[in-house]
Amino acid sequence: MQTYRSARRVAGVMALGLAVAACGSAKANTAAQSPATTTTKAKVPASHAAGSHDMAGMAGHHHNDSKITYAELSPTTKAQVDTVIKWASKYKTAADAKKDGWSKATKSLYGIGSHWLHGGVAGFASFGSTPDMTTPNVLLFDGEGDDAKLAGVSWIMNSPTDPVGFSGPDDHWHRHSSVCFVASEGVVISEGDAEGSPINLSHAGCVRNKGVMFPISNLTMMHLWIGTGYMNGPLFAHDNAKLLDGYRPNENPKA
């Protein structure tokens, strides 16, 4: 069993190494971005954009977030989201996802929960550049155990710019410059170089947590909060206000 776990961790390191290599090819497109977490505003109507989170407990975690709710979606976008809700209904818990070949790739992080991918962390090496908006490639759960409930879904694309997502201007893509991967745990434990974020670790903090910092500025992602009990707030927000009990790496003594 130990040999199997070690092999999986090595595979995860190799996968993130491939992501780093992919990032190198995108440097020319991302050099102008700041090292902190970045988001784009092009598809966000002014009435639904904000300079930073205004939900309680999120001060300092900066994203230009869409504030649109499910009720405010255009009929076309709502129909597309309903298709995803139907698709995701089979994954009520993490145990359901595990039975279908998904594995945990991150800790259950503050605001965004645990990310599950096909292949776990190794799945970071297999992202395409064109999303299938009917089939997310990431599941978001509200904890780390098999009983964790589905909070939402996500798309992660190997693209340094916003892919074409849902119809209309309502959805919202974002990027992170790096993540901290801990091979001994086989999961990502934080963002990196995102000053002010509750889930940020510096390179030094990542090393103190026995992790390795990997650049992922070549990846662009979107969250969609469609889990039962998680749809009451902004649908495409980076964070969900019901996930504020998640892991904050800077509360770890080693951070």
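Go through 210/242; 67/99; 86/149; 78/98; 107/242 and tell me which ones have a Cα-Cα distance over 26 Å in this structure.
Details: 210/242 29 Å; 67/99 34 Å; 86/149 16 Å; 78/98 28 Å; 107/242 16 Å.
The pairs that break the limit, which is 26 Å between Cα atoms, are 210/242; 67/99; 78/98.
Give the peptides 72-78, 233-239 in descending order of average Cβ contacts within 10 Å, highest first.
233-239, 72-78
Label residue 251 and residue 98 with points 7 Å out from Cα along Cα→Cβ: what is the distance between them in nm?
2.4 nm
If the convex hull of the alpha-carbon atoms of region 144-223 is projected onto planes in all directions, what is the mean projected area in square nanometres?
One quarter of the hull surface, i.e. the mean projection, equals 6.7 nm².
Just report the Cα centroid separation between region 101-156 and region 176-255, whole Å.
Each part's Cα centre sits 12 Å from the other's.
Return the FRET efficiency for the residue pair residue 232, residue 161: r is the Cβ-Cβ distance, R0 is 45 Å, and the value is rounded to the nearest 0.05.
That pair, residue 232 with residue 161, gives E of 0.90.
How large, in Å, is region 67-127 by the Kirkwood hydrodynamic radius built from its alpha-carbon pairs?
Hydrodynamic radius (Kirkwood, Cα pairs) of region 67-127 is 13.5 Å.
So for the pair residue 203, residue 90, with labels modelled 7 Å out along Cα→Cβ, what separation do we get in nm?
4.4 nm
Kindly report the accessible area of region 105-175 per residue (heavy atoms of protein chains, probe 1.4 Å, no ligands, DNA or RNA), in Å².
Accessible area per residue: 29 Å².
The values are calculated or read from the model by the stated rules, or taken from the named source; none is laboratory data. All values reported here derive from a predicted model rather than from experimental measurement. Note that each Cβ is placed from the backbone with ideal geometry, even for glycine, and that neighbours are counted across all protein chains shown. Please note that ligands, DNA and RNA were not included when accessible areas were found on the heavy atoms of the full protein model with its side chains. Shrake-Rupley method; radii C 1.70, N 1.55, O 1.52, S 1.80 Å.
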